[in-house]
Amino acid sequence: MKNLIILVFIFFYAIQIQAQREQAIYAELGGAGLAYSINYDTRFNKGENGIGARIGIGTMNTNFTIPVQLNYLHGKGKHKLELGIGITSFLFSKRYENNQLVKRSIVSIPSGTLMYRYQDSAAHFLFRAGLSPIFAPGNRSPFAGPSKLFLLWPGISAGYKF
């Protein structure tokens, strides 16, 4: 949880001091948000390449996910390679059969991004497709099943670049 707070603080601080940088809003199916997510992405320097960050909010079943990542874009023209690292936090509730609340939990697990990114500045269009490595060690896994889980979770995104 401490890492999530630090990353969110850095992210919003960077947005304030870099208000005129490249930014995007996109919907993602799969990826670091796991099921569905809406994300905001910004660069920390002028131009389309370089270091940036993304934060999102999504759903997985009846639970919420919050992907927060630092990322790096490299490429020429409209075609980019996106590499990222961060955490995905899960806000979920465990319930009894009669639907009474048992426990609310926040679990944060490491996540990454390895994506092809197409962005057309003239058309304000953004498209991403690739994999998000996700590692849920021990009892921190929000998934049912094995106690240690490593996934190369596929993801696809489309959105608006400004």
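The values are calculated or read from the model by the stated rules, or taken from the named source; none is laboratory data. These figures come from a predicted structure and were not determined experimentally. Counting neighbours? That spans all protein chains shown, and the Cβs are built from the backbone with ideal geometry, glycine included.
Assorted remarks:
- Test for ALA144: is it of a type in the set (A, V, I, L, M) and modelled with pLDDT under 90: yes
- Hits in the range 45-91 - residues which are in contact with a Ser or Thr (Cβ under 8 Å, 6 or more places away or on another chain), buried (at least 17 other Cβ atoms within 10 Å of the Cβ) and hydrophobic (A, V, I, L, M, F, W, C): ALA53, ILE66, VAL68, ILE87, PHE90
- Consider the range 36-61 and keep the residues that are more than 11 Å from the chain's Cα centre (by Cα) and among the aliphatic types (A, V, I, L, M). The one that is nearest to VAL107 (Cα to Cα) is MET60.
- Subset tally (residues that are hydrophobic (A, V, I, L, M, F, W, C), in contact with a Lys or Arg (Cβ under 9 Å, 6 or more places away or on another chain), part of a strand (DSSP E or B) and farther than 20 Å from LEU131 by Cβ) for the range 40-92: 3
- Within the range 116-141, restricting attention to residues that are assigned to a strand (DSSP E or B) and of a type in the set (Gly, Ala, Ser), the residue that is modelled with the lowest pLDDT is ALA136.
- Residue match in the range 89-96 (condition: modelled with pLDDT of 85 or more, of a type outside the set (Asp, Glu) and under 13 Å from the mean Cα position of the chain (by Cα)): yes
- Between ALA14, ALA32, the distinction of being at pLDDT 70 or above and part of a helix (DSSP H, G or I) belongs to ALA32 only.
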